[in-house]
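One structure is given here, and the rest of the page talks about it.
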Amino acid sequence: VNSTNKIIFAPATPVGESSITVIRISGIGVFSILNKIFSKSPDSYVPIDFSQVASHTLLHGYLVDGKEIVDEVVVGIFKSPNSYTGEDVVEISSHGGRYNFKKINKLLINYGCIHSEPGEFTKRAFLNGKIDLVQAEAISDLIRAKTELASKAALHQLSGEFSRAVDKLRGDLINYCSLVELELDFSEEGLEVIAKDVLLYKLNNIIEQIKKFSESYDSGRIVKEGVNLTITGNPNVGKSTIFNYLLKENRAIVTDIPGTTRDYIEEPLIMGGLVFNLVDTAGIRETSNKIEKEGVERSFKKIVEADLVLNVIDSTNPVTSHNGFAQRSITVYNKMDIANNIPENELCVSALTGQNMEELQNRIIKEANSLIHKEDISELYVTNERHRDCLLKSCEYLVNSKKLVEEGAGNELISFEIREALHSLEEIIGKTSNVDILNNIFSKFCIGK
Ligand SMILES: Nc1nc2c(ncn2[C@@H]2O[C@H](COP(=O)(O)OP(=O)(O)O)[C@@H](O)[C@H]2O)c(=O)[nH]1
Ligand SMILES: [Mg+2]
(Lines give C-alpha, C1' and ligand atoms only; values in the text may rest on other atoms or scores of the structure.)
(Ligands and ions follow the chains in the order given, each with its own letter.)
Protein backbone atom coordinates (compact mmCIF):
# COMPACT_ATOMS: atom_id res chain seq x y z
CA VAL A 1 0.00 0.00 0.00
CA ASN A 2 1.31 3.36 -1.10
CA SER A 3 0.69 5.63 1.83
CA THR A 4 2.09 8.22 4.14
CA ASN A 5 2.01 7.25 7.78
CA LYS A 6 -0.48 9.95 8.66
CA ILE A 7 -3.75 8.71 10.06
CA ILE A 8 -6.54 10.90 8.73
CA PHE A 9 -10.13 11.22 9.86
CA ALA A 10 -13.27 13.14 8.96
CA PRO A 11 -17.00 12.87 9.44
CA ALA A 12 -18.38 10.95 6.45
CA THR A 13 -21.91 12.24 7.11
CA PRO A 14 -23.01 15.83 7.79
CA VAL A 15 -22.55 16.73 11.44
CA GLY A 16 -25.71 17.92 13.18
CA GLU A 17 -28.80 16.69 14.94
CA SER A 18 -29.19 13.24 13.47
CA SER A 19 -29.45 9.65 14.60
CA ILE A 20 -25.84 8.87 13.83
CA THR A 21 -22.67 10.52 12.58
CA VAL A 22 -20.22 8.28 10.77
CA ILE A 23 -16.57 9.15 11.27
CA ARG A 24 -14.05 7.53 8.99
CA ILE A 25 -10.42 7.00 9.97
CA SER A 26 -7.77 5.70 7.60
CA GLY A 27 -4.08 4.90 7.82
CA ILE A 28 -1.46 2.45 9.00
CA GLY A 29 -1.68 2.04 12.77
CA VAL A 30 -5.35 2.96 13.04
CA PHE A 31 -6.12 -0.27 14.95
CA SER A 32 -3.51 0.41 17.61
CA ILE A 33 -5.16 3.78 18.23
CA LEU A 34 -8.60 2.20 18.32
CA ASN A 35 -7.29 -0.38 20.75
CA LYS A 36 -6.59 2.43 23.25
CA ILE A 37 -9.88 4.28 22.91
CA PHE A 38 -12.41 1.49 22.36
CA SER A 39 -13.71 -0.72 25.13
CA LYS A 40 -16.21 -3.58 25.01
CA SER A 41 -17.52 -2.71 28.44
CA PRO A 42 -18.68 0.64 29.85
CA ASP A 43 -17.62 -0.30 33.39
CA SER A 44 -14.01 -1.20 32.87
CA TYR A 45 -11.57 -0.93 30.01
CA VAL A 46 -11.83 -4.17 28.03
CA PRO A 47 -9.55 -3.71 25.01
CA ILE A 48 -9.79 -5.67 21.78
CA ASP A 49 -6.96 -7.34 19.93
CA PHE A 50 -7.81 -6.17 16.43
CA SER A 51 -5.34 -8.53 14.82
CA GLN A 52 -7.80 -11.27 15.78
CA VAL A 53 -10.81 -9.44 14.32
CA ALA A 54 -11.79 -10.28 10.74
CA SER A 55 -12.11 -7.50 8.17
CA HIS A 56 -15.66 -6.21 7.54
CA THR A 57 -16.74 -6.83 11.13
CA LEU A 58 -18.97 -4.55 13.19
CA LEU A 59 -18.27 -4.24 16.91
CA HIS A 60 -20.45 -2.63 19.52
CA GLY A 61 -18.73 -0.85 22.43
CA TYR A 62 -17.66 2.45 23.94
CA LEU A 63 -15.23 5.17 23.01
CA VAL A 64 -13.27 5.91 26.16
CA ASP A 65 -10.79 8.53 27.19
CA GLY A 66 -9.06 6.90 30.13
CA LYS A 67 -11.85 6.14 32.58
CA GLU A 68 -14.32 8.47 30.94
CA ILE A 69 -16.92 7.26 28.43
CA VAL A 70 -17.07 9.52 25.37
CA ASP A 71 -19.87 7.77 23.43
CA GLU A 72 -21.52 4.43 22.83
CA VAL A 73 -20.69 3.41 19.28
CA VAL A 74 -20.51 0.73 16.62
CA VAL A 75 -17.19 0.45 14.81
CA GLY A 76 -16.70 -1.07 11.37
CA ILE A 77 -13.35 -2.74 10.74
CA PHE A 78 -11.88 -2.72 7.21
CA LYS A 79 -8.44 -4.23 6.79
CA SER A 80 -5.99 -3.23 4.07
CA PRO A 81 -6.32 -3.65 1.12
CA ASN A 82 -10.06 -4.30 1.37
CA SER A 83 -11.24 -0.82 2.21
CA TYR A 84 -12.24 2.40 0.44
CA THR A 85 -8.72 3.84 0.64
CA GLY A 86 -6.91 0.52 0.45
CA GLU A 87 -5.44 1.23 3.91
CA ASP A 88 -6.64 0.01 7.30
CA VAL A 89 -9.92 1.84 7.88
CA VAL A 90 -12.22 2.23 10.86
CA GLU A 91 -15.71 3.65 10.54
CA ILE A 92 -17.20 4.82 13.81
CA SER A 93 -20.98 5.12 13.89
CA SER A 94 -21.42 7.53 16.76
CA HIS A 95 -24.48 9.33 18.02
CA GLY A 96 -25.35 12.43 16.03
CA GLY A 97 -25.10 15.99 17.26
CA ARG A 98 -22.49 18.70 17.02
CA TYR A 99 -21.36 18.51 20.60
CA ASN A 100 -20.95 14.75 20.48
CA PHE A 101 -18.82 15.07 17.37
CA LYS A 102 -16.73 17.73 19.06
CA LYS A 103 -15.88 15.30 21.89
CA ILE A 104 -14.90 12.49 19.53
CA ASN A 105 -12.97 14.92 17.36
CA LYS A 106 -10.93 15.96 20.39
CA LEU A 107 -10.37 12.35 21.42
CA LEU A 108 -9.05 11.38 17.98
CA ILE A 109 -6.76 14.41 17.77
CA ASN A 110 -5.39 13.64 21.23
CA TYR A 111 -4.53 10.15 20.10
CA GLY A 112 -2.62 11.32 17.04
CA CYS A 113 -5.17 11.37 14.20
CA ILE A 114 -5.30 14.43 11.96
CA HIS A 115 -8.12 16.05 9.98
CA SER A 116 -8.26 14.97 6.36
CA GLU A 117 -8.07 17.41 3.50
CA PRO A 118 -10.91 17.60 0.94
CA GLY A 119 -10.88 14.45 -1.17
CA GLU A 120 -7.98 12.91 0.72
CA PHE A 121 -9.69 9.55 1.25
CA THR A 122 -10.44 9.26 -2.46
CA LYS A 123 -6.96 10.48 -3.34
CA ARG A 124 -5.49 7.68 -1.24
CA ALA A 125 -7.85 5.22 -2.94
CA PHE A 126 -6.48 6.43 -6.29
CA LEU A 127 -2.83 6.34 -5.18
CA ASN A 128 -3.35 2.83 -3.82
CA GLY A 129 -4.79 1.68 -7.14
CA LYS A 130 -8.32 1.05 -5.84
CA ILE A 131 -9.82 3.30 -8.52
CA ASP A 132 -8.52 5.24 -11.50
CA LEU A 133 -8.79 9.00 -11.96
CA VAL A 134 -12.00 8.87 -13.99
CA GLN A 135 -13.66 6.87 -11.24
CA ALA A 136 -12.39 9.23 -8.55
CA GLU A 137 -13.87 12.18 -10.42
CA ALA A 138 -17.11 10.24 -10.92
CA ILE A 139 -17.47 9.87 -7.15
CA SER A 140 -17.33 13.63 -6.78
CA ASP A 141 -19.86 14.04 -9.62
CA LEU A 142 -22.19 11.49 -8.07
CA ILE A 143 -22.22 13.34 -4.76
CA ARG A 144 -23.00 16.59 -6.57
CA ALA A 145 -25.57 15.18 -9.01
CA LYS A 146 -28.95 16.91 -8.82
CA THR A 147 -30.85 14.94 -11.45
CA GLU A 148 -31.42 11.34 -12.41
CA LEU A 149 -29.53 11.84 -15.66
CA ALA A 150 -26.48 13.37 -13.97
CA SER A 151 -26.46 10.65 -11.37
CA LYS A 152 -26.69 7.98 -14.06
CA ALA A 153 -23.81 9.50 -16.00
CA ALA A 154 -21.65 9.57 -12.88
CA LEU A 155 -22.50 5.98 -11.97
CA HIS A 156 -21.71 4.93 -15.49
CA GLN A 157 -18.21 6.39 -15.22
CA LEU A 158 -17.78 4.97 -11.74
CA SER A 159 -18.46 1.52 -13.17
CA GLY A 160 -15.21 1.85 -15.09
CA GLU A 161 -16.75 1.45 -18.52
CA PHE A 162 -15.35 4.72 -19.86
CA SER A 163 -11.96 3.92 -18.33
CA ARG A 164 -11.96 0.57 -20.07
CA ALA A 165 -12.82 2.18 -23.40
CA VAL A 166 -9.93 4.64 -22.96
CA ASP A 167 -7.65 1.81 -21.91
CA LYS A 168 -8.56 -0.11 -25.04
CA LEU A 169 -7.62 2.86 -27.25
CA ARG A 170 -4.43 3.14 -25.25
CA GLY A 171 -3.63 -0.51 -25.91
CA ASP A 172 -4.14 0.03 -29.65
CA LEU A 173 -1.81 3.02 -29.68
CA ILE A 174 0.89 1.11 -27.80
CA ASN A 175 0.55 -1.55 -30.41
CA TYR A 176 0.95 0.79 -33.39
CA CYS A 177 3.77 2.60 -31.67
CA SER A 178 5.74 -0.57 -31.14
CA LEU A 179 5.23 -1.65 -34.74
CA VAL A 180 6.49 1.70 -36.00
CA GLU A 181 9.45 1.53 -33.64
CA LEU A 182 10.20 -2.06 -34.47
CA GLU A 183 10.48 -1.05 -38.09
CA LEU A 184 13.16 1.43 -37.04
CA ASP A 185 15.30 -1.48 -35.88
CA PHE A 186 15.08 -3.04 -39.33
CA SER A 187 15.60 0.19 -41.24
CA GLU A 188 19.01 -1.05 -42.50
CA GLU A 189 17.35 -4.02 -44.15
CA GLY A 190 14.54 -1.82 -45.49
CA LEU A 191 11.96 -4.16 -43.96
CA GLU A 192 8.40 -2.98 -43.67
CA VAL A 193 6.76 -4.19 -40.44
CA ILE A 194 3.50 -2.37 -40.96
CA ALA A 195 2.30 -1.23 -44.40
CA LYS A 196 1.70 2.51 -44.59
CA ASP A 197 -1.87 2.22 -45.80
CA VAL A 198 -2.66 -0.20 -42.98
CA LEU A 199 -1.20 2.21 -40.44
CA LEU A 200 -3.17 5.09 -41.95
CA TYR A 201 -6.34 3.09 -41.80
CA LYS A 202 -5.77 2.22 -38.15
CA LEU A 203 -4.89 5.78 -37.17
CA ASN A 204 -8.00 7.06 -38.92
CA ASN A 205 -10.09 4.57 -37.08
CA ILE A 206 -8.78 5.60 -33.71
CA ILE A 207 -9.14 9.30 -34.52
CA GLU A 208 -12.79 8.70 -35.34
CA GLN A 209 -13.37 6.92 -32.05
CA ILE A 210 -11.69 9.64 -30.02
CA LYS A 211 -13.65 12.31 -31.89
CA LYS A 212 -16.89 10.56 -31.08
CA PHE A 213 -16.02 10.56 -27.42
CA SER A 214 -15.00 14.21 -27.33
CA GLU A 215 -18.10 15.28 -29.25
CA SER A 216 -20.30 13.54 -26.72
CA TYR A 217 -19.15 16.23 -24.28
CA ASP A 218 -21.72 18.56 -25.89
CA SER A 219 -24.39 16.40 -24.28
CA GLY A 220 -22.31 15.45 -21.28
CA ARG A 221 -21.71 19.03 -20.23
CA ILE A 222 -25.42 19.79 -20.30
CA VAL A 223 -26.24 16.70 -18.27
CA LYS A 224 -23.65 17.56 -15.63
CA GLU A 225 -23.43 21.36 -15.59
CA GLY A 226 -26.94 22.20 -16.77
CA VAL A 227 -28.52 24.08 -19.68
CA ASN A 228 -27.59 27.76 -19.80
CA LEU A 229 -30.98 29.38 -20.37
CA THR A 230 -30.95 33.15 -20.79
CA ILE A 231 -34.03 35.34 -20.81
CA THR A 232 -33.70 38.33 -23.07
CA GLY A 233 -35.82 41.03 -24.69
CA ASN A 234 -36.53 44.75 -24.56
CA PRO A 235 -36.92 46.55 -21.24
CA ASN A 236 -40.24 46.10 -19.44
CA VAL A 237 -41.51 43.15 -21.49
CA GLY A 238 -41.74 40.96 -18.36
CA LYS A 239 -38.42 39.09 -18.35
CA SER A 240 -37.99 39.30 -14.61
CA THR A 241 -41.62 38.31 -14.05
CA ILE A 242 -41.06 35.18 -16.16
CA PHE A 243 -37.79 34.51 -14.34
CA ASN A 244 -39.54 34.68 -10.97
CA TYR A 245 -42.42 32.55 -12.22
CA LEU A 246 -40.09 29.76 -13.36
CA LEU A 247 -38.16 29.88 -10.09
CA LYS A 248 -41.37 30.03 -8.07
CA GLU A 249 -39.95 32.86 -5.99
CA ASN A 250 -39.62 36.61 -6.16
CA ARG A 251 -35.93 36.59 -6.83
CA ALA A 252 -35.66 39.43 -9.36
CA ILE A 253 -37.06 42.90 -8.75
CA VAL A 254 -40.10 43.63 -10.91
CA THR A 255 -41.35 47.18 -11.50
CA ASP A 256 -43.05 49.05 -14.32
CA ILE A 257 -39.94 51.20 -14.69
CA PRO A 258 -37.95 50.17 -17.78
CA GLY A 259 -34.34 49.42 -16.93
CA THR A 260 -35.03 47.98 -13.47
CA THR A 261 -32.82 44.94 -13.91
CA ARG A 262 -29.29 46.26 -14.19
CA ASP A 263 -27.01 43.31 -13.67
CA TYR A 264 -27.89 39.81 -14.77
CA ILE A 265 -29.10 37.34 -12.15
CA GLU A 266 -28.39 33.64 -12.34
CA GLU A 267 -30.19 30.88 -10.44
CA PRO A 268 -30.19 27.11 -10.75
CA LEU A 269 -33.51 25.48 -11.57
CA ILE A 270 -34.58 21.88 -12.12
CA MET A 271 -37.27 21.24 -14.72
CA GLY A 272 -38.19 18.01 -16.46
CA GLY A 273 -35.25 16.21 -14.89
CA LEU A 274 -32.68 18.65 -16.22
CA VAL A 275 -30.64 21.29 -14.47
CA PHE A 276 -30.97 24.79 -15.89
CA ASN A 277 -28.82 27.80 -15.14
CA LEU A 278 -31.52 30.39 -15.55
CA VAL A 279 -30.31 33.91 -16.29
CA ASP A 280 -32.39 37.09 -16.15
CA THR A 281 -30.75 39.93 -18.04
CA ALA A 282 -31.05 43.68 -18.28
CA GLY A 283 -33.27 44.70 -21.18
CA ILE A 284 -31.32 45.34 -24.33
CA ARG A 285 -31.56 49.01 -25.28
CA GLU A 286 -29.45 52.04 -26.07
CA THR A 287 -28.82 53.90 -22.86
CA SER A 288 -26.66 56.69 -21.55
CA ASN A 289 -26.86 55.47 -17.99
CA LYS A 290 -23.43 54.13 -17.12
CA ILE A 291 -24.70 51.34 -14.86
CA GLU A 292 -27.37 50.18 -17.28
CA LYS A 293 -24.89 50.27 -20.14
CA GLU A 294 -22.58 47.90 -18.28
CA GLY A 295 -25.61 45.70 -17.54
CA VAL A 296 -26.54 45.58 -21.22
CA GLU A 297 -22.99 44.56 -22.10
CA ARG A 298 -23.05 41.81 -19.52
CA SER A 299 -26.39 40.67 -20.88
CA PHE A 300 -24.92 40.29 -24.34
CA LYS A 301 -22.18 38.13 -22.89
CA LYS A 302 -24.76 35.88 -21.22
CA ILE A 303 -26.69 35.63 -24.47
CA VAL A 304 -23.56 34.49 -26.29
CA GLU A 305 -22.83 31.88 -23.60
CA ALA A 306 -26.40 30.57 -23.59
CA ASP A 307 -27.38 27.12 -24.83
CA LEU A 308 -30.94 28.31 -25.16
CA VAL A 309 -32.34 31.85 -25.32
CA LEU A 310 -35.82 32.81 -24.24
CA ASN A 311 -36.69 35.84 -26.34
CA VAL A 312 -39.53 37.75 -24.70
CA ILE A 313 -41.78 40.15 -26.60
CA ASP A 314 -44.48 42.36 -25.12
CA SER A 315 -47.67 41.48 -27.00
CA THR A 316 -49.16 44.91 -26.21
CA ASN A 317 -46.22 46.46 -28.02
CA PRO A 318 -44.73 43.78 -30.25
CA VAL A 319 -41.39 45.19 -31.32
CA THR A 320 -38.63 42.68 -31.75
CA SER A 321 -35.43 43.22 -29.84
CA HIS A 322 -31.92 43.32 -31.22
CA ASN A 323 -31.44 39.62 -31.09
CA GLY A 324 -28.65 39.11 -33.52
CA PHE A 325 -27.83 35.74 -32.03
CA ALA A 326 -27.89 32.51 -33.90
CA GLN A 327 -28.31 29.86 -31.23
CA ARG A 328 -31.46 28.08 -30.33
CA SER A 329 -34.13 30.39 -29.08
CA ILE A 330 -37.75 30.32 -28.09
CA THR A 331 -39.82 33.40 -28.82
CA VAL A 332 -42.60 34.08 -26.36
CA TYR A 333 -45.24 36.84 -26.40
CA ASN A 334 -45.93 37.96 -22.84
CA LYS A 335 -48.78 39.99 -21.28
CA MET A 336 -51.47 38.21 -23.31
CA ASP A 337 -53.90 39.08 -20.49
CA ILE A 338 -53.94 42.76 -21.49
CA ALA A 339 -53.20 42.53 -25.21
CA ASN A 340 -55.91 43.59 -27.66
CA ASN A 341 -54.85 41.12 -30.26
CA ILE A 342 -52.38 38.35 -29.88
CA PRO A 343 -50.33 36.89 -32.74
CA GLU A 344 -51.51 33.61 -34.19
CA ASN A 345 -49.29 30.52 -34.24
CA GLU A 346 -47.04 32.03 -31.61
CA LEU A 347 -46.48 31.05 -28.02
CA CYS A 348 -48.41 33.61 -25.96
CA VAL A 349 -48.35 33.70 -22.18
CA SER A 350 -49.06 35.85 -19.21
CA ALA A 351 -46.41 35.63 -16.55
CA LEU A 352 -48.70 37.65 -14.32
CA THR A 353 -51.75 35.36 -14.44
CA GLY A 354 -49.83 32.16 -15.25
CA GLN A 355 -51.81 31.61 -18.44
CA ASN A 356 -49.98 29.21 -20.83
CA MET A 357 -46.94 29.24 -18.59
CA GLU A 358 -46.99 25.46 -18.35
CA GLU A 359 -46.86 25.31 -22.13
CA LEU A 360 -43.81 27.57 -22.03
CA GLN A 361 -42.13 25.28 -19.51
CA ASN A 362 -42.82 22.29 -21.73
CA ARG A 363 -41.36 24.08 -24.74
CA ILE A 364 -38.21 24.87 -22.76
CA ILE A 365 -37.86 21.27 -21.60
CA LYS A 366 -38.41 19.97 -25.12
CA GLU A 367 -35.77 22.28 -26.62
CA ALA A 368 -33.32 21.48 -23.84
CA ASN A 369 -33.78 17.77 -24.39
CA SER A 370 -33.06 18.20 -28.07
CA LEU A 371 -29.65 19.61 -27.06
CA ILE A 372 -28.80 16.23 -25.61
CA HIS A 373 -28.15 13.63 -28.22
CA LYS A 374 -29.88 10.53 -27.03
CA GLU A 375 -27.56 8.31 -29.02
CA ASP A 376 -24.69 9.71 -26.94
CA ILE A 377 -26.37 8.64 -23.75
CA SER A 378 -26.51 5.03 -24.72
CA GLU A 379 -22.86 5.45 -25.75
CA LEU A 380 -20.14 6.35 -23.32
CA TYR A 381 -20.39 10.05 -22.97
CA VAL A 382 -17.87 12.43 -21.58
CA THR A 383 -19.12 14.80 -18.87
CA ASN A 384 -15.80 16.13 -17.70
CA GLU A 385 -14.03 19.04 -19.37
CA ARG A 386 -10.63 17.68 -18.36
CA HIS A 387 -11.34 14.41 -20.16
CA ARG A 388 -12.59 16.23 -23.24
CA ASP A 389 -9.43 18.36 -23.35
CA CYS A 390 -7.20 15.28 -23.09
CA LEU A 391 -9.16 13.62 -25.90
CA LEU A 392 -8.79 16.67 -28.13
CA LYS A 393 -5.07 16.84 -27.41
CA SER A 394 -4.66 13.17 -28.20
CA CYS A 395 -6.58 13.63 -31.43
CA GLU A 396 -4.35 16.49 -32.48
CA TYR A 397 -1.22 14.37 -32.11
CA LEU A 398 -2.81 11.55 -34.07
CA VAL A 399 -3.77 13.89 -36.89
CA ASN A 400 -0.13 15.04 -36.95
CA SER A 401 1.12 11.48 -37.06
CA LYS A 402 -1.23 10.71 -39.91
CA LYS A 403 0.08 13.65 -41.85
CA LEU A 404 3.64 12.48 -41.28
CA VAL A 405 2.80 9.01 -42.56
CA GLU A 406 1.23 10.51 -45.66
CA GLU A 407 4.29 12.68 -46.24
CA GLY A 408 6.54 9.67 -45.93
CA ALA A 409 8.30 11.05 -42.87
CA GLY A 410 10.69 8.96 -40.80
CA ASN A 411 9.36 6.48 -38.30
CA GLU A 412 10.98 8.22 -35.34
CA LEU A 413 8.89 11.32 -36.03
CA ILE A 414 5.73 9.27 -36.42
CA SER A 415 6.29 7.32 -33.25
CA PHE A 416 6.96 10.54 -31.32
CA GLU A 417 3.50 11.86 -32.23
CA ILE A 418 1.78 8.58 -31.41
CA ARG A 419 3.53 8.50 -28.05
CA GLU A 420 2.31 12.00 -27.25
CA ALA A 421 -1.23 10.96 -28.20
CA LEU A 422 -0.82 7.99 -25.90
CA HIS A 423 0.24 10.21 -22.98
CA SER A 424 -2.79 12.42 -23.42
CA LEU A 425 -5.06 9.39 -23.18
CA GLU A 426 -3.18 8.16 -20.13
CA GLU A 427 -3.73 11.49 -18.43
CA ILE A 428 -7.47 10.82 -18.47
CA ILE A 429 -7.29 7.69 -16.35
CA GLY A 430 -4.31 8.91 -14.37
CA LYS A 431 -1.69 6.49 -15.62
CA THR A 432 0.59 9.48 -16.02
CA SER A 433 -0.44 12.38 -13.87
CA ASN A 434 1.36 15.27 -12.38
CA VAL A 435 0.94 16.46 -8.82
CA ASP A 436 -0.78 19.70 -9.80
CA ILE A 437 -3.49 17.91 -11.75
CA LEU A 438 -4.13 15.57 -8.83
CA ASN A 439 -4.29 18.36 -6.27
CA ASN A 440 -6.65 20.30 -8.48
CA ILE A 441 -9.01 17.36 -8.87
CA PHE A 442 -9.12 16.28 -5.24
CA SER A 443 -9.33 19.76 -3.75
CA LYS A 444 -12.82 20.02 -5.27
CA PHE A 445 -14.07 17.14 -3.14
CA CYS A 446 -15.84 17.53 0.15
CA ILE A 447 -13.98 16.76 3.34
CA GLY A 448 -14.55 13.15 4.32
CA LYS A 449 -14.62 11.76 0.77
N1 LIG B 1 -50.49 42.53 -17.33
C2 LIG B 1 -49.31 41.97 -17.30
N3 LIG B 1 -48.25 42.63 -16.80
C4 LIG B 1 -47.05 42.02 -16.75
C5 LIG B 1 -46.87 40.71 -17.23
N6 LIG B 1 -45.57 40.37 -17.07
C7 LIG B 1 -44.97 41.43 -16.50
N8 LIG B 1 -45.85 42.45 -16.31
C9 LIG B 1 -45.59 43.78 -15.76
O10 LIG B 1 -44.70 44.46 -16.61
C11 LIG B 1 -43.82 45.31 -15.87
C12 LIG B 1 -42.39 44.95 -16.21
O13 LIG B 1 -42.10 43.64 -15.78
P14 LIG B 1 -40.62 43.12 -15.55
O15 LIG B 1 -40.71 41.68 -15.26
O16 LIG B 1 -39.91 43.98 -14.56
O17 LIG B 1 -40.01 43.36 -17.00
P18 LIG B 1 -38.47 43.29 -17.47
O19 LIG B 1 -37.98 44.67 -17.50
O20 LIG B 1 -38.53 42.69 -18.83
O21 LIG B 1 -37.73 42.43 -16.49
C22 LIG B 1 -44.16 45.06 -14.41
O23 LIG B 1 -45.02 46.10 -13.98
C24 LIG B 1 -44.88 43.72 -14.42
O25 LIG B 1 -45.80 43.58 -13.37
C26 LIG B 1 -48.01 40.01 -17.77
O27 LIG B 1 -47.97 38.87 -18.22
N28 LIG B 1 -49.19 40.70 -17.78
MG1 LIG C 1 -36.10 42.90 -15.35
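Percent antiparallel among DSSP beta bridges with both residues in the stretch 239-398, to the nearest 5?
On the way: 7 of 15 bridges.
Antiparallel: roughly 45 percent of the beta bridges in the stretch 239-398.
With 29 Å as the limit on Cα-Cα distance, the pairs of K366/K444; K67/K102; K168/K366; K102/K431 that go past it are K366/K444; K168/K366; K102/K431.
Between K301 and I114, full extension at 0.36 nm per residue minus the direct alpha carbon distance yields a gain of 62.8 nm. Percent of C-alpha pairs per 10 Å bin in the stretch 28-146, short distances first: 13, 38, 33, 14, 2.
Converting the Cα gyration tensor eigenvalues of the stretch 233-349 into ellipsoid dimensions via √(5λ) gives semi-axes, longest first, of 20, 19, 15 Å. Using the Cα gyration tensor of the chain, with a ≥ b ≥ c the square roots of its eigenvalues, what is the shape: rounded (a/c below 1.5), prolate (a/b larger than b/c) or oblate (neither)? In terms of gyration-tensor shape, oblate.
Exceeding 27 Å between C-alpha atoms, which entries from my cross-link table qualify? They are K130/K202; K6/K130; K79/K106; K212/K248.
Exceeds cut-off: K130/K202; K212/K248.
Looking at the chain, the DSSP beta bridges with both ends there are about 65 percent antiparallel.
Computed from the Cβ-Cβ distance with R0 of 51 Å, the FRET efficiency linking D43 to K168 stands at 0.25.
Which of rounded, prolate, oblate describes the stretch 106-245, given a ≥ b ≥ c as roots of the alpha-carbon gyration tensor eigenvalues and a/c under 1.5 marking rounded, otherwise prolate only if a/b is larger than b/c? The shape class here is oblate.
To the nearest 0.05, how large is the calculated FRET efficiency for I257 and S51 if R₀ is 45 Å and r is the Cβ-Cβ distance?
Values: r = 76 Å, r/R0 = 1.69.
Result of the calculation: an efficiency of 0.05.
Given a 1.4 angstrom probe, I'd like the percentage of the accessible area of the stretch 37-158 that is carbon and sulfur, rounded to a whole number. Don't skip to the answer; put the middle values down first.
Numbers: 3160 of 5830 Å².
Whole-percent figure for carbon plus sulfur exposure: 54.
Given +1 at the Cβ of Lys and Arg, -1 at the Cβ of Asp and Glu and no other charges, the dipole of the stretch 1-144 around its Cα centre is 200 debye to the nearest 20. Among the trypsin sites (Lys or Arg not before Pro) within the stretch 35-77, those in coil by DSSP and having at most 11 neighbouring Cβ atoms inside 10 Å are K67.
Sequence neighbours fewer than 8 away in the same chain don't count; with that in mind, list the lysines whose C-alpha is under 18 Å from K152. List returned: K224, K374. Per-residue extension of 0.36 nm, minus the Cα-Cα distance of E359 and R285, leaves a gain of 23.8 nm for this segment.
Site pair V435 and E17 shows an inter-label distance of 4.6 nm when each label is modelled 7 Å from Cα along Cα→Cβ.
Arrange the peptides 157-170, 256-269, 79-92 so that the one whose residues have, on average, the most other Cβ atoms within 10 Å appears first. Please list the in-between numbers first.
Numbers: 157-170: 18.1, 256-269: 15.4, 79-92: 21.4.
Averaged packing, sorted descending, gives the order 79-92, 157-170, 256-269.
A simple packing score, the average count of other Cβ atoms within 10 Å per residue, orders the peptides 229-236, 23-30, 281-288 as 229-236, 23-30, 281-288, with the highest score first.
Overall, the accessible surface of the stretch 166-261 at a probe of 1.4 angstrom is composed of carbon and sulfur to the extent of 50 percent. Label positions at E148 and Y201, each projected 7 Å from the Cα along the C-beta direction, are separated by 4.5 nm.
When the accessible area of the stretch 396-445 is split by element with a 1.4 Å probe, what percent falls to carbon and sulfur?
The nonpolar share, carbon plus sulfur, comes to 49 percent.
Restrict the search to the stretch 182-241; then list the chymotrypsin sites (Phe, Trp or Tyr not before Pro) that DSSP places in a loop and that have at most 16 other Cβ atoms within 10 Å of their Cβ.
Numbers: sites: F186, Y201, F213, Y217; in loops: F186.
In loop regions of the stretch 182-241 (DSSP not H, G, I, E or B), the sparsely surrounded chymotrypsin sites (Phe, Trp or Tyr not before Pro) are F186.
Given R₀ = 60 Å, what would the calculated FRET efficiency be for L184 paired with R98, taking r from the Cβ atoms and rounding to 0.05? The value I calculate is 0.35. Highest mean packing first, where packing is the average number of other Cβ atoms within 10 Å per residue, the peptides 339-346, 403-410 line up as 403-410, 339-346.
Just the accessible area per residue of the chain, please: how many Å² with a 1.4 Å probe? Provide the component values of the computation, followed by the final result.
On the way: 22250 Å² over 449 residues.
So the chain comes to 50 Å² accessible per residue, rounded to a whole number.
Applied to the stretch 14-26, the Karplus parametrisation 6.51 cos²θ - 1.76 cosθ + 1.60 on θ = phi - 60° returns per-residue 3J(HN,Hα) values of x, 8, x, 6, 7, 5, 9, 10, 9, 10, 9, 10, 9 Hz, with x for Gly and Pro. For the chain, a crude dipole built from +1 on the beta carbon of Lys and Arg and -1 on the beta carbon of Asp and Glu, taken about the Cα centre, is about 1580 debye to the nearest 20.
The values are calculated or read from the model by the stated rules, or taken from the named source; none is laboratory data. Computed from a prediction, not measured in an experiment: that's the story for all the values here. Cβ: placed from backbone, ideal geometry, glycine included. Neighbour counts: every protein chain shown. Just the protein is used for accessible areas: all its heavy atoms, side chains included, with ligands, DNA and RNA removed. Shrake-Rupley method; radii C 1.70, N 1.55, O 1.52, S 1.80 Å.
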